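Okay, structure first, notes after.
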Amino acid sequence: MLQCKSEQEPEFLLRASHLTNENHTWFKAFEYFAEILEERSNGRIILQNYHSEQLAKEIEAIRMIQAGVIDMTVTGSTLNNWIEIMAFCEMPFLLRDEAHMENLIHGAIGQRMEREMRERTGFRALGYFQRGPRHLTSNRPIKHPDDLKGLIIRVPNVPSFVTAWQALGAKPTPMSFSEVFTSLQQGTIEAQENPFAMIKAAGFSEVQDYVNLTSHVVSWTYPVIGEKQFQAFPEDLKKIFLEAAQDMQEYEHRLFLENEKEVQDELKAQGMQLVEVDKESFEKKSRKALFESLSPEMQKVHQEIVALRK
């Protein structure tokens, strides 16, 4: 965060790095956040947003915020590389639906996740953005785990994703999101998995034929600011900032709901075929490997999360 002295410049100039492009709801929400922050702070806080990993790839952005070079991003399960419990905000085959997810976020486990983010990575969560279920895209239909044998799948740099797809018989390849389209185009990878909104926003219909409805992850992510950067604000700006962040979350949720209704039809219109899969077989085949990849403490947390299903 750059703290400026000139009267013509803001007191605080923030920079946010986004892995998504400018068409995604997260980026649009941050643009709305920038607008209301400038207005409500009378220009004392200015937020500049950079889409499509222009400033940094996701892992690098996390480190740059910790170093104070930039200030904000949207992240979640990638923090599993620092904090074990963060795996649960995007654990394959764990959460059943949105209600199950809400029970987790607003309960003791969700509070622990946000606390550990602050204490161990120096990130302050500013609410959460719901993600639609993640589905697998490919150039051949995948209905059963047996169809995955040897398939090279791009995954984010999240240990549980690698574990799950390896257990299912595929070849998971961690890769930055900004490299995925070109890698699919060139055949370096053969498939990828993301929610509908990311599939559409990234234009994957140009290089993939099928959306296999695996729904293998029900999850959320966090808009975050570096805790040091937040604590540099005077008290009046902290209040303005947090209230504006709450409004950003509500704005993003409205965009998300509107987008989820439209995006499936748009992908079909672009030529993608939606494939029903044997979800139970996917969950069953990956269950043991995922559970055993957790530490004894996290296995207990896993069991607590399963018990939240209603």
Self-check item: ASP71, ASP278, reordered so the largest accessible area comes first (probe 1.4 Å)
Solution: ASP278, ASP71
Practice problem: Name the residue farthest towards the positive end of the dipole of the chain from the options VAL155, ILE225, LEU184, assuming +1 on Cβ of Lys and Arg, -1 on Cβ of Asp and Glu, about the Cα centre. | Solution: VAL155
Quiz item: What figure in square angstrom, to the nearest 10, would you give for the accessible area of ASP97 with a 1.4 Å probe?
Solution: 70
Practice problem: For the chain, set up a Gaussian network in which alpha carbons nearer than 10 Å are linked by springs, and say which option among LYS171, LYS300, LYS143 fluctuates the most. | Solution: LYS300
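Sort HIS144, HIS302, HIS24 by accessible area with a 1.4 Å probe, largest first. If you can, show how the numbers build up before the last one.
Working: HIS144 65, HIS302 35, HIS24 10 Å².
So, going from the largest accessible area down, we get HIS144, HIS302, HIS24.
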Quiz item: For region 1-92, what does the alpha-carbon gyration tensor say about shape, rounded, prolate or oblate, given a ≥ b ≥ c as the root eigenvalues, a/c under 1.5 as rounded, and a/b over b/c as prolate?
Solution: prolate
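How much accessible area per residue does the chain have, counting only protein heavy atoms and a probe of 1.4 Å, in square angstrom?
44
Report the Rg/Rh value for region 223-307, based on alpha-carbon coordinates and the Kirkwood definition of Rh. Don't skip to the end; give the middle numbers.
Details: Rg = 21.0 Å, Rh = 18.0 Å.
Reported Rg/Rh, Kirkwood definition of Rh: 1.16.
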Quiz item: When all C-alpha to C-alpha distances in region 26-146 are sorted into bins of 10 Å, what percent of pairs does each bin hold, rounded to whole numbers?
Solution: 10, 34, 35, 17, 3, 1
Quiz item: Under a 5 Å amide H to amide H cut-off, with H placed in plane at 1.01 Å, what residues pair with ILE70 once short-range neighbours are removed?
Solution: ILE65
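Can you put THR188, THR25 in order of accessible area, largest first, using a 1.4 Å probe?
THR188, THR25
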Quiz item: In terms of modelled amide H atoms, which long-range or inter-chain residues lie less than 5 Å from the amide H of LEU14?
Solution: ILE46, LEU47, GLN48
Quiz item: What list of ³J(HN,Hα) values in whole Hz, one per residue of region 191-197 in order, does the Karplus curve 6.51 cos²θ - 1.76 cosθ + 1.60 (θ = phi - 60°) give from phi, with Gly and Pro shown as x?
Solution: 7, 8, 9, 6, x, 3, 4
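Considering only protein heavy atoms and a 1.4 Å probe, what is the carbon-and-sulfur percentage of the accessible area of the chain?
Numbers: 6210 of 13770 Å².
Its accessible area is 45 percent carbon and sulfur atoms.
What Kirkwood hydrodynamic radius do you get for region 158-310 when you take the inverse of the mean 1/r over all pairs of distinct Cα atoms, in Å? Working shown, then result.
Values: mean 1/r = 0.0531 Å⁻¹.
One decimal place: 18.8 Å for the Kirkwood radius.
Rounded to the nearest 20 debye, what is the charge dipole size of the chain about its Cα centre when +1 sits on each Lys and Arg Cβ and -1 on each Asp and Glu Cβ? Could the numbers behind the result be given before it?
Numbers: 35 positive and 46 negative charges, 203 e Å.
Taking the Cα centre of the chain as origin, the dipole is about 980 debye.
The values are calculated or read from the model by the stated rules, or taken from the named source; none is laboratory data. Since the model is a prediction, treat every value here as computed from it, not as a measurement. Quick reminder, even Gly has a Cβ in these numbers, built from the backbone with ideal geometry, and neighbours come from all protein chains shown. Side chains included, ligands, DNA and RNA excluded: accessible areas come from the protein's heavy atoms. Shrake-Rupley method; radii C 1.70, N 1.55, O 1.52, S 1.80 Å.
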